[in-house]
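Just so it is clear, none of the values below were taken in a lab; they were calculated from the coordinates. Quick caveat, the model's predicted, so the values are computed rather than measured. We place every Cβ from the backbone using ideal geometry, glycine too, and count neighbours over all the protein chains shown.
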Amino acid sequence: MDLLNTISEINPKIIHASDLWMNDEILINIDSEIGEFTFSKDTWGFAFLMAENNQKSLLRINSILEVAEHFEKIEVDFEDYKLK
């Protein structure tokens, strides 16, 4: 997995993976030296990193991915996805 190789400096370890076939999405729970986070990937090639109680880990991962050539960061406004 490209993500795990790219963030190898924080020693990520997969805890659990779930295939959400109804959404065509895979959720992977990952533990690392900087805490736990969740990686989500869908069939359209979009990937999301989430960590409800560990925002520091997201900031560290973000700094690693910003200089990685295989990743592109796209800011998302979650208000655009709420039901109206």
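Once you charge only the Cβ atoms, +1 for Lys and Arg and -1 for Asp and Glu, what is the size of the charge dipole of segment 2-81 about its Cα centre, to the nearest 20 debye? Walk me through the intermediate numbers first.
On the way: 5 positive and 17 negative charges, 72 e Å.
For segment 2-81, the charge dipole is close to 340 debye.
Report, in deg cm²/dmol and to the nearest 500, the calculated mean residue ellipticity at 222 nm for the chain, where each DSSP H run with n ≥ 4 adds -39500 (n - 2.57) and the sum is divided by the residue count. Mind dumping the intermediate values first?
Values: 2 runs with 17 residues, N = 84.
Mean residue ellipticity at 222 nm (helix-derived): -5500 deg cm²/dmol.
Under 10 Å, Cα contacts only: if you run a Gaussian network model on the chain, which one of Ile74, Ile26, Ile64 comes out with the highest mean-square fluctuation?
In the Gaussian network model the winner is Ile74.
Computed from these coordinates, which is Rg and Dmax of the Cα atoms in Å: (i) 16.2, 53; (ii) 18.6, 58; (iii) 13.2, 42?
Structure-derived value, by its label: (iii).
Describe numerically, in nm with one decimal, the distance between label points set 7 Å from Cα along Cα→Cβ at Ala47 and at Tyr81.
Reported label-point gap for Ala47 and Tyr81 is 1.6 nm.
List the relative contact order of the chain as a percent without decimals, with contacts defined as Cα pairs under 8 Å and 6+ residues apart. Don't skip to the end; give the middle numbers.
On the way: 102 pairs, mean separation 15.7, N = 84.
Answer for the chain is 19 percent.
What's the tally of Lys pairs in the chain whose alpha-carbon atoms lie under 26 angstrom apart, where the two lysines are 8 or more places apart or on different chains?
10
Scan the chain and hand back the longest stretch that contains none of the chymotrypsin sites (Phe, Trp or Tyr not before Pro) lying in DSSP loops with at most 11 other Cβ atoms within 10 Å. Could the numbers behind the result be given before it?
Numbers: sites that count: Trp21, Trp44, Phe46.
No qualifying site falls inside 47-84, the longest such stretch.
Could you give the length gained by full extension between Glu72 and Asn54, i.e. 0.36 nm per residue of separation minus their alpha carbon distance, to one decimal place?
Values: separation 18, 0.36 × 18 = 6.48 nm, distance 2.18 nm.
The span from Glu72 to Asn54 would gain 4.3 nm if fully extended.
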